[in-house]
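One structure is given below, encoded as structure tokens.
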Amino acid sequence: MENLRKLSVLVVEDEALIAENLRLTLEDLGYHVIATCYTYAEAQAALAPPAPVPDLVLLDINLGHADPARTGLALGRQLAGQGGPPFIFLTAYSDLDTVRQATQLRPSGYLVKPVSSGALFAAIQLALDRATTHQPAPLPAEVLPAAASSDIGPAFFFVKLGERTHKLSWTAVQRLEAGKNYVTLHLAGQQAGYPVRGSLTYVLDQLLPASLSDHFIRVNRRLVLNAACITGYDEAYVGSSQETKKIAR
């Protein structure tokens with residue numbers, strides 16, 4: 001049975017504080033950051049063979065460079081032209097000319113800085129979904145005003161099984177189990193889980209779509225079960241189809 005692997009992300013952001021915050025947030029969300037690049041040249045080197053190809057690129061739209069040939073737009077144009085990995089444009093700008101140029105490159109998403117962890121997680125999942133279906137992101141005018149505050153995620157998320165990326169429904173998660181610093185999402189038929197740094201409350205409130213909250217039942221402070229997996233209960237125990245023994249409340 002193949003184990004879950006972390007999806008890889010390349011961060012291209014010229015502001016060091018923002019780049020480091022993105023790296024930490026991505027790692028907390030269970031992604032593998034293969035590199036953090038601060039310039040166009042560094043990003044080109046990180047994307048050139050024999051460097052591993054990331055599953056996704058987070059790309060600052062400006063990169064703090066006056067030369068139009070060395071901006072995030074230029075790098076996005078290169079990725080789009082060469083059939084590179086999907087990319088999400090990061091922007092702190094409301095400049096319509098820049099946004100119009102960005103739409104022509106058919107990015108898989110847009111995010112307005114600063115970015116919350118919930119919005120980042122949702123944007124990555126939607127970007128991967130658009131990449132697999134060859135659909136561009138909606139026009140920025142439709143998504144940028146809400147992107148900075150929206151923490152409502154899609155009803156699915158992507159994981160890597162071996163070398164293949166798979167789209168899974170949140171309802172495929174059979175249990176969420178909290179450790180010291182992480183919550184592990186356990187999936188049917190997989191020995192390894194999908195780790196997310198944080199508390200159960202954080203995962204349930206920030207990452208799990210609100211429309212699916214009724215599908216999951218918190219048994220105790222460390223465990224949440226998919227209601228579809230519960231086989232029975234009484235005053236002291238809850239039985240789960242995923243466990244060989246009853247789970248104490």
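The values are calculated or read from the model by the stated rules, or taken from the named source; none is laboratory data. Just so you know, these numbers come straight off a predicted model, no measurement behind them. Glycine gets a Cβ as well: all are built from the backbone with ideal geometry, and neighbour counts include every protein chain shown.
If only residues of the range 55-92 that are among the hydrophobic types (A, V, I, L, M, F, W, C), part of a loop (DSSP other than H, G, I, E, B) and without any contact (Cβ under 8 Å) to a residue 40 or more places away in the chain are counted, the one that is surrounded by the fewest Cβ atoms within 10 Å (Cβ to Cβ) is 66.
The set of residues from the range 17-37 being modelled with pLDDT under 95 and more than 25 Å from residue 206 (Cα to Cα) is empty. Taken together, the residues in the range 28-65 that are of a type in the set (Asp, Glu) and within 18 Å of residue 127 (Cβ to Cβ) amount to 2. What's the total number of residues in the range 176-217 that are free of Cβ contacts under 8 Å to residues at least 60 places away in the same chain and either in the same structural domain as residue 123 (by TED's automatic domain parsing) or under 17 Å from residue 6 (Cα atoms) (or both)? Looking only at that region, the number is 5.
Might you let me know whether the range 71-82 holds any residue that is over 22 Å from residue 135 (Cβ atoms) and either of a type in the set (Asp, Glu) or assigned by TED's automatic domain parsing to the domain that holds residue 207 (or both)? Within the range 71-82 (the criterion being over 22 Å from residue 135 (Cβ atoms) and either of a type in the set (Asp, Glu) or assigned by TED's automatic domain parsing to the domain that holds residue 207 (or both)), the answer is no, since none of the residues qualifies. Scanning the range 197-249 for residues that are in contact with a strand residue (DSSP E or B) (Cβ under 6 Å, 6 or more places away or on another chain), of a type in the set (S, T, N, Q) and at pLDDT 90 or above returns a single hit, 226.
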